[in-house]
Amino acid sequence: MIERAKILGRPMTVLHLSSSSGAGGAETVAASVAAGLDPSRYRSVVCLFRDGWLREHCEHLGLETHVLRMAGSLDLAWLRQFRRLLRDREVEVIHAHEFGANTWGTMAGRLSGVPVVATVHGRGYYGDRRRRRLAYRIVGRAARMVAVSEDVKRFIVETTGVSDRHVRVIHNGITLPTAVSSAVIEATRAELGLRPSDRVVLAVGSLYEVKGHRFLLEAWPEVLKACPAAVLLIAGRGDREAALGEQARRLGIEARVRFLGLRHDVPVLLEMCEAFVQPSLSEGLSIAILEAMAAGRPVVTTRVGGNPELVMDGETGVLLEPADVPALAAALGRVLAHPRDARRLGDNGRARVGSQFTMEAMVQQYETVYDAAIGRVGPAAAPGRALVGS
């Protein structure tokens, strides 16, 4: 299959496999890589374990997308269907994302003679389970393993025994934002019931316990004491939504907090805000933080996961220890009280993303990994295409 593709000189077919279809950072990266590959050299096919946001997003991007539903943790019928898809689409490389896709993709790749690239997006999947640690040892030997941050790489090596030499770091990247008109910004402020005097702080992320929103809400009364005009916008959905709403009511801050649900206009929300906050307890490499930095917003976040690889404390934002409510309140209060310093942090963050965390740099590095997987020599890096995390 691979040799024929090389002889014919046709684009390499890469199948992008994701075990999750939610509206999260890992899913966004999977779709972005699939859509961003050089079409003269690569053809992308997407396969998902389930329906959801990611399927809709991939189809909107014009990507050929298949859903092969998996029933349970040992679905041999799924494996047969997937191998058939590999044959039908003449797939040369499987690029898997997240634990389920990494393990099943590696198994199918070994059985079908197709090389696998397995990207690990975070720390929360396998370290506490012997079976999962063993599975990733196998993946580490049989696939080309990629971690989205140095922190995730260290975690994989320390908890699973995968060799340091077998894990490469490719930082996530984003497309730099385009300008948002003042008319759109004003219309969105009106939709959300914001007054001209309101000063907006934005949090974007799934409403799960690991994202730490409850600590942000605990800090918000102190922020309001320092800045009564502050309004907190929380964009995202998840199983903590009802509990967080109840917490806001209990704290008496519900009038100064808006739960927005899943939003498709995050660039507009970023233009409206004066600061971005992410109080996570664990992270891989946050797309939301990258988007906030690219929009020129100061970031207040926790010193966990890959966050310190993005945010330079005192230069592009503020880094705090997780679950430190007083420190979180104080940091947000300082950012709101000192607009000039906030603009400096935001400007530095925008420059950092533009030089080190672009979509182009991320995609180019994955193209290099695909080429190496099948022994194909790719073109030299184009001028100005910085390589990050190599």
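When you go through E222, E218, E191 one by one, which is the residue that is surrounded by 17 or more Cβ atoms within 10 Å (Cβ to Cβ), over 20 Å from I287 (Cβ atoms), out of contact with any Cys (no Cβ under 9 Å at 6 or more places or on another chain) and of a type in the set (D, E, K, R)? Of E222, E218, E191, the one residue that is surrounded by 17 or more Cβ atoms within 10 Å (Cβ to Cβ), over 20 Å from I287 (Cβ atoms), out of contact with any Cys (no Cβ under 9 Å at 6 or more places or on another chain) and of a type in the set (D, E, K, R) is E218. Within region 329-373, the residues that satisfy the criterion of being touching a Pro at 6+ places or on another chain (Cβ under 6 Å) and of a type in the set (A, V, I, L, M, F, W, C) are V335, A342, L345, A373.
Counting just the residues of region 135-183 that are among the β-branched types (V, I, T) and exposed (fewer than 15 other Cβ atoms within 10 Å of the Cβ), which one comes out nearest to V117 (Cα to Cα)?
T175
Number of residues in region 264-279 that are buried (at least 24 other Cβ atoms within 10 Å of the Cβ) and in a loop (DSSP other than H, G, I, E, B): the value is 1. Is one or more of the residues making up region 238-247 within 20 Å of the chain's Cα centre (by Cα) and surrounded by 23 or more Cβ atoms within 10 Å (Cβ to Cβ)? So far as region 238-247 goes, no, none of its residues is within 20 Å of the chain's Cα centre (by Cα) and surrounded by 23 or more Cβ atoms within 10 Å (Cβ to Cβ). Tallying residues that are outside the structural domain of E150 (by TED's automatic domain parsing) and basic (K, R) within region 160-192 yields 1.
For region 126-134, check the following and say yes or no: at least one residue is surrounded by fewer than 22 Cβ atoms within 10 Å (Cβ to Cβ), of a type in the set (K, R) and touching a strand residue (DSSP E or B) at 6+ places or on another chain (Cβ under 6 Å). The answer is no, given that none of the residues of region 126-134 is surrounded by fewer than 22 Cβ atoms within 10 Å (Cβ to Cβ), of a type in the set (K, R) and touching a strand residue (DSSP E or B) at 6+ places or on another chain (Cβ under 6 Å).
Test of understanding: among A255, A219, A292, A248, which residue is within 15 Å of L345 (Cβ to Cβ) and assigned to a helix (DSSP H, G or I)?
A292
Contact map, region 90-112: first residue closer than 17 Å to Y136 by Cβ and without any contact (Cβ under 8 Å) to a residue 40 or more places away in the chain, second residue of a type outside the set (D, E, K, R) and assigned to a loop (DSSP other than H, G, I, E, B), Cβ cut-off under 8 Å, separation 6 or more or different chains; pairs are T106/A143; A108/V114; G109/P115; G109/A143.
Among the conditions (1) under 17 Å from Q81 (Cβ atoms); (2) at pLDDT 95 or above, the only one that S19 does not satisfy is (2). As a summary of the residue check, V268 satisfies the conditions (1) within 25 Å of V148 (Cα to Cα); (2) touching a residue at least 12 places away in the same chain (Cβ under 8 Å) except for the one numbered (1). Applying the condition of being in contact (Cβ under 8 Å) with a residue 40 or more places away in the chain and surrounded by fewer than 21 Cβ atoms within 10 Å (Cβ to Cβ) to region 201-214 and asking which residue is nearest to E274 (Cα to Cα) yields S206. Would you check if there is a residue in region 286-297 being at pLDDT 95 or above and at positive phi? Looking for residues that are at pLDDT 95 or above and at positive phi, one finds at least one in region 286-297, hence yes.
Can V117 be described as within 23 Å of R376 (Cα to Cα) and either among the acidic types (D, E) or part of a loop (DSSP other than H, G, I, E, B) (or both)? Criteria not met by V117.
The values are calculated or read from the model by the stated rules, or taken from the named source; none is laboratory data. The model shown is predicted, which means the values in this text are computed figures rather than measured ones. With ideal geometry, Cβ positions are generated from the backbone for all residues, glycine too; neighbour counts draw on all protein chains shown.
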